[in-house]
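All remarks here apply to the structure that follows.
The values are calculated or read from the model by the stated rules, or taken from the named source; none is laboratory data. What you see is a predicted model, and the numbers here were worked out from it, not measured in a lab. Methodologically, a virtual Cβ is constructed for each residue, glycine included, from the backbone with ideal geometry; neighbour enumeration extends over all protein chains shown.
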Amino acid sequence: MRVLLTGHKGYLGTVMAPVLKAAGHEVHGLDSGLFAPCLLGPAPLDPPGHTVDLRDVQLSHVEGFDAVIHLAALSNDPLGALAPDLTYDINHRASTRLARLARDAGVRRFLYASTCSVYGASGGDGLVGEDAPLRPVTPYAESKVRVEDDLHDLADDDFTPVYLRNATAFGYSPRLRADIVLNNLVGHAFLSGEVLVLSDGTPWRPLVHAADIARAFAAALTAPRDAVHDKAFNIGTERNNVTVAEIANEVVEAVPGSTLRITGEAGADPRSYRVDFSRFRAAIPGFDCEWSVKAGAVELIEAYQKHGLTKEAFERRFTRLAWLNDRSAAGAVDGTLRHV
Ligand SMILES: NC(=O)c1ccc[n+]([C@@H]2O[C@H](COP(=O)([O-])OP(=O)(O)OC[C@H]3O[C@@H](n4cnc5c(N)ncnc54)[C@H](O)[C@@H]3O)[C@@H](O)[C@H]2O)c1
């Protein structure tokens, strides 16, 4: 298939592009490149692509593709809290516009990177399935719910949107993010010898490796239409439904000499949920996630050692919000996150 991959120069996109290529697809990218220089290790061989802002996408950018995989977004809660309007502009309105253009251009399948954060404070001890009430608690999560709603309205005989609600990612990507929980805890342990948990450690977090997300998208791309048409899927595995304290303990084991400190100063995060991932396994026979949290922690510490992660890079370059603040202070991006 000819596939347009938005966000191909981000954390997940950099892992997904080679997985799609290896599956035999012709991949083209589209990204404004906000984090293109945020590299740990050698630069990847990016697919050909357009450096363009999602808000400026034209019909010509989406013509000639069989499918669009839409990852480009302001990708986490702190960014969304900083600038809610911007989050809605980029993550919601520009995403819906992209989908409409894709449909007009005859693109038949549209895989949307949603998030398990749409369940927000659903809480409780039961597993949260796709039909659970959506209770987003941040503009980031709310923007994802709005796009899912809009895509549902666009679905028809010729246009198949699919909503892949990813658990929180972990693992090495050449375009690292250190602001997601496992990557962050391993980085802190590597640099300071301490595994630092600011909450009380009790919230549940569903985790999934970036490579497993990539494999899930690749599977959804070619799945029979009826199996995925206009459907939401949680992406991850019940085996990686873990508490923050459990994640921290895996990190202590993976990072020799590190010690655990749970401060509890931030109290309990209102988000706490365990997720049911069975719908996707049922839709895609044979699919399952491969990576455990333990294996991910080991992979990360090896990557941090090999590529020499520094404190400065950990705190600024690989932390999305800090990087954008620095780029803005340097005059490289304006207040709407466009390149100057
Ligand atoms: N990483 C996770 O834990 C996780 C979990 C659930 C869902 N997701 C979703 O997956 C997608 C990818 O996440 P990621 O972790 O790779 O994030 P990321 O921040 O590393 O990558 C996002 C990419 O989008 C691009 N982008 C942002 N604004 C843009 C704009 N206006 N125009 C063009 N490009 C723009 C950035 O340049 C970047 O390359 C996002 O939609 C995110 O919400 C991620």
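General remarks:
- Only one of the numbered conditions (1) in a loop (DSSP other than H, G, I, E, B); (2) modelled with pLDDT of 95 or more; (3) more than 27 Å from residue 316 (Cβ to Cβ) is violated by residue 239, and that is (1).
- When segment 219-247 is limited to residues that are small (Gly, Ala, Ser) and out of contact with any helix residue (DSSP H, G or I) (no Cβ under 6 Å at 6 or more places or on another chain), the one that is nearest to residue 144 (Cα to Cα) turns out to be 232.
- Among residues of segment 1-29 that are closer than 20 Å to residue 58 by Cβ and touching a residue at least 24 places away in the same chain (Cβ under 8 Å), those with a beta-carbon under 7 Å from a residue that is near the ligand (Cβ under 7 Å from one of its atoms) and basic (Lys, Arg) at least six positions away or on a different chain give the pairs 9/175; 29/9.
- Sole exception among (1) at pLDDT below 95; (2) within 13 Å of the ligand (Cβ to nearest atom); (3) buried (at least 18 other Cβ atoms within 10 Å of the Cβ) for residue 120, by number: (2)
- 2 or more residues closer than 28 Å to residue 136 by Cβ, within 19 Å of the chain's Cα centre (by Cα) and β-branched (Val, Ile, Thr): qualifying helices (runs of 4 or more DSSP H) within segment 242-323: 244-254
- Here residue 132 meets each of (1) surrounded by fewer than 22 Cβ atoms within 10 Å (Cβ to Cβ); (2) within 13 Å of the ligand (Cβ to nearest atom); (3) modelled with pLDDT under 95 with one exception, condition (2).
- Among the numbered conditions (1) in contact with a helix residue (DSSP H, G or I) (Cβ under 8 Å, 6 or more places away or on another chain); (2) within 14 Å of the ligand (Cβ to nearest atom); (3) of a type in the set (Val, Ile, Thr), the only one that residue 319 does not meet is (1).
- Residue match in segment 93-104 (condition: crowded, with 20+ Cβ neighbours inside 10 Å and within 30 Å of residue 202 (Cβ to Cβ)): no
- Residue match in segment 272-285 (condition: in contact with a Leu (Cβ under 7 Å, 6 or more places away or on another chain), at pLDDT 95 or above and among the β-branched types (Val, Ile, Thr)): yes
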